[in-house]
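To keep things clear, I will list the structure first and then write my remarks on it.
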Amino acid sequence: MSVETAVQTPQDVEAMQRLAAVGWGRRRIARELGCSPETVRKYLRQGGWQPYGKPSRNSLLDGQRAWLKERFLAHRGNADVVRQELASEKGIAVSLRTVERAVEPWRQELRNAALATVRFETPPGRQLQADFGQCVVRIGGERVRVHLAVLTLGYSRRLLVRAFRSEKQDHWLQAMEEGFRHWGGVPKEVLVDNARALVSQHDPEREILVFAQRLDDFARYWDFKPRACRPYRARTKGKDERGVAYVKKNAMAGREFGSWEALEAHLVRWTREVADVRIHGTTGEAPLVRFRREEAQALQPLEAKPSFLAERELVRIVHSDCCVEVEANWYSAPQSLIRQRVSVLVRDQHLLIRHGGRIVAEHRRLRPGSRGRQVIEAHWAGLVPQRQRREAAVSLQEASATRDRERERRTVRSSELARPLAVYAEVIGEVAA
């Protein structure tokens, strides 16, 4: 570092001025401070320390500051698009680097906006946030992927946790319905993720949000407004996002269960004994206390409604095998309805198929997802000629008779090979002699 640079500080210049004020000459001050007399002369002449400044230059972007900021923020930080519009609209052709230097002060503003999250507190009874999370748990000695439905009341932070083997639409609705009954009321709105089972289309830029028809029907039945968080911005549903992480780390981490029923019982017990009574980090209160004091009364009453899932009507087309598919199971319909549209009423443990206003088939409802098949023999009448059916029956009888004869032959052969123990003892004795 040069001597000239070393003395160019506000403290050095103040020392020069004090020594000059008491009668010191330039040379003496220079020897004292270790600089040249010309340096002392310069600072005494300008009357104090002054910082170096960059020379000002005229720019083609002078006067465009407001326009640049508006376009840069509108294009979410894409400086190249701003450069193109600058040339087409303003007739100003500059390099991309020039635009990037000009918009640099606002780039940090965009970064801060992307990272910032404004906490949105909802009043009692206003909002329920629903989400799913996955984890792998040992159940019965095997590793099983468990899908956890976590529901969080926005005001009290009270949780409801249910375990499923997948994240189908029925599981979302079942979890919400169990939450309503668990809390004794329905919130005014439910905020969900953009899962395919619930949201058909979501484009915030064009303000398009289309929910699945069944979710719309479910919301009208229970009188709440469905809402979806902004795609790729799960922080809009932050209470439940943190709730899912809390359940994974506290209720599930490192635990093993003997059966699926044991897992479900554990979640109920953990919710009651841990999650409901903990002191929440944000509210400073136990969720159960906050719920009972303010939120329970603010929920909409259930009005003794039956389950939405207990009875629902679907539309199906009869396949070429005379069956309709419902809940990954197959149920037969009369063969005269092949390729026709029928109405399927799912009611508790029964399933009714209707066509033309009358019931054409009635089945016992199979467990959803079991891939079972229920067939009424009369529905297949006429599909296979009688002769082929008789030949098939004869073939089955002959095959059964052949299996019986083979079984008897093996039994006789086994009995012939079997000998009394005395025979083997006699042979052993002769060998020993």
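Read-outs: derived from the displayed coordinates by stated rules, not from any lab. Small disclaimer: the values here were computed from a predicted structure and weren't measured. FYI the Cβ positions are ideal-geometry reconstructions off the backbone, even for glycines, and counts take in every protein chain you see.
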*Using modelled backbone amide H atoms (1.01 Å from N, in-plane), which distant-in-sequence or interchain residues come within less than 5 Å of residue 373's amide H?*
330
*Between residue 303 and residue 169, what length in nm is gained on full extension when 0.36 nm per residue of separation is reduced by their alpha carbon distance?*
45.8 nm
*What list do you get for 159, 153 if you sort them by fewest beta carbons within 10 Å?*
159, 153
*Pull up all non-local amide H partners of residue 144: gap of 5 or more, or a different chain, and H-to-H distance under 5 Å with H placed in the peptide plane.*
137, 138, 139
*Find the Cα radius of gyration of the stretch 127-298, compare it with 2.2 N^0.38 Å by division, and give the number to two decimals.*
1.03
*Starting with the fewest neighbours, write out 379, 350 ranked by other beta-carbon atoms found within 10 Å of each beta-carbon.*
350, 379
*In sequence order, what are the phi-derived ³J(HN,Hα) couplings for the stretch 73-78 according to the Karplus relation 6.51 cos²θ - 1.76 cosθ + 1.60 with θ = phi - 60°, rounded to whole Hz, with x for glycine and proline?*
6, 5, 8, 6, x, 8
*Obtain the nm distance between the two label points defined at residue 182 and residue 145 by a simple spin-label model: each point lies 7 Å from its Cα along the Cα-to-C-beta direction.*
2.4 nm
*Above 18 angstrom, tally the Cα pairs of the stretch 68-115 and express them as a % of all pairs, no decimals.*
22 percent
*Work out, in µm²/s and without decimals, the Stokes-Einstein translational diffusion coefficient of the stretch 162-232 at 25 °C, 0.890 mPa s, Rh from Kirkwood over C-alpha pairs.*
191 µm²/s
_residue 200-residue 265 pseudo-label distance in nm [points 7 Å out on the Cα-to-Cβ vector]_ = 4.4 nm
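Among 19, 96, 73, which comes first, second and so on when ranked by fewest other beta-carbon atoms within 10 Å?
With the sparsest Cβ surroundings first, the list reads 96, 73, 19.
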_I'm a student and want to see the number: the projected area of the Cα convex hull of the stretch 3-46, averaged over all directions, in nm²._
2.6 nm²
*Rg (Å, one decimal) plus Dmax (Å, integer) for the alpha carbons of the stretch 309-380?*
10.9, 31
*May I ask which of 168/225; 225/248; 69/90; 225/305; 188/248 have a Cα-Cα span longer than 24 Å here?*
225/248; 188/248
